[in-house]
Amino acid sequence: MTIGNKEVVTLNFGGQKFTTLVSTLRRFNDFKPARMLDGSDPEFRVVNGQFFVDRDGSLFKYILDYLRTRQVSLPPDFFDYEGLTREAEFYEIRLLVDYLSKDSIRQRLEILEVRFSLQETHSFFRIFCSYSSTIEMLAARICVFAEQASTNWNYAYQPQKPMAPVPLQRPSHHDLVFQCGTNYSAGEEFAARYVTIQPDDRKLINGTNVLGLLVDILLKEGFRLISTRTVSSEEKVECYTFERIKRPQILTISDGLRTEHANHQTKHSKTQRK
C-alpha cells in the first residue's frame, strides 16, 4: 500500500505514534523510512491507516529528529547508545551508526582520589583523577597563598601579613599536590600557607577545613563518595575515593560529521560538567 497524495502520515513504532511530513521521510531516498512509503519494504505494514513497524519507539524519536533536521541531539542523561546504534543500523543511517560507534561520545565512569595527610602544624593534599580535564578545573579553582616572612618587626603586629601566591605542584596531567598550615622546620622563606577554593574566597589554614570545603565542592560537581580508607596510620594519610558518571555534553551531529558542542548541563553540574 502506498500513501497516494498524502502530505502527512502517522507512524506507529512499537506502540508509540509519530506524525510527520511525507517530505521528511523522503529526504534521504536510501534510508528505509523513504522506502516504507511506496510499500517496497516488507518490514513496514499499514495498520488502520498507519505505518507500523515493531521497533523501539522511544529511540525512533532520535531517528526522526535526524530526518527532520539532519541533526540529532542526545540529552546528558542518555545512555542507550547500543540500542540507538541498532536502530540506526535497522533504518540504514550509516552516518549516525558511524558517529554513535565513537567511544568519545559515550559516558564513562570518572574516578577521583583525595589523599590527605594531617600533621601537627600542616596538612598535605594530593588529588588524582582519571580525567585530566577535572584536574585542570580544580587547578584553576584552588589557590595557595604563603605568608611572607619579614625582618621588619612591625610585621609581627600587623593583623594581615603580606601574602604571596604559591604554584600548585603538578606531578602529571592527572594529579596535583598542595599543602596548608605552618611548617617552620622546613626553613623556607614562607611560613604559614593558606588555601582558597573558588567560588569560596576564604583563606583557610586548617587542613580539616580545607578538606571539608573540597569534599563539598566535589559533591556539588556530581561526584559521589564511595570509600574512605587509611593508607598509612603512622603518617596519618587518609584516602577518599569519589566517582562520577562522566556524561557527554549534548552533542549535535550533522552531515559531513561536523560536530557542534552545546553545554546543556543540569544545574547540578553547571560549574564543570568543561
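The values are calculated or read from the model by the stated rules, or taken from the named source; none is laboratory data. Computed from a predicted structure; not experimentally measured. Because the Cβ atoms are built from the backbone with ideal geometry, glycine has one as well, and the counts that use them run over all protein chains shown.
With the structure loaded, tell me whether Arg126 is crowded, with 18+ Cβ neighbours inside 10 Å and either at pLDDT 90 or above or assigned to a helix (DSSP H, G or I) (or both) or whether it fails that test. First the steps, then the outcome.
Details: crowded, with 18+ Cβ neighbours inside 10 Å: yes; either at pLDDT 90 or above or assigned to a helix (DSSP H, G or I) (or both): yes.
The answer is yes for Arg126.
Would you check if there is a residue in segment 249-263 being at pLDDT 95 or above and either surrounded by 12 or more Cβ atoms within 10 Å (Cβ to Cβ) or of a type in the set (Phe, Trp, Tyr) (or both)? Looking for residues that are at pLDDT 95 or above and either surrounded by 12 or more Cβ atoms within 10 Å (Cβ to Cβ) or of a type in the set (Phe, Trp, Tyr) (or both), one finds none in segment 249-263, hence no.
Filtering segment 91-113 for residues that are modelled with pLDDT of 95 or more and either over 31 Å from the mean Cα position of the chain (by Cα) or not charged (D, E, K, R) (or both) leaves a non-empty set.
For segment 40-82, taking the residues that are among the acidic types (Asp, Glu) and more than 16 Å from Tyr99 (Cα to Cα), the one that is surrounded by the fewest Cβ atoms within 10 Å (Cβ to Cβ) is identified as Asp77.
Sub-6 Å Cβ pairs linking a first residue in segment 36-59 that is modelled with pLDDT under 80 to a second residue that is in a loop (DSSP other than H, G, I, E, B) and not aromatic (Phe, Trp, Tyr), at least 6 apart or interchain, are Leu37/Ile3; Asp38/Thr2; Gly39/Met1; Gly39/Thr2, ordered by first then second residue. Scanning segment 215-244 for residues that are among the small types (Gly, Ala, Ser) and in contact with a Lys or Arg (Cβ under 7 Å, 6 or more places away or on another chain) turns up just one, Gly222.
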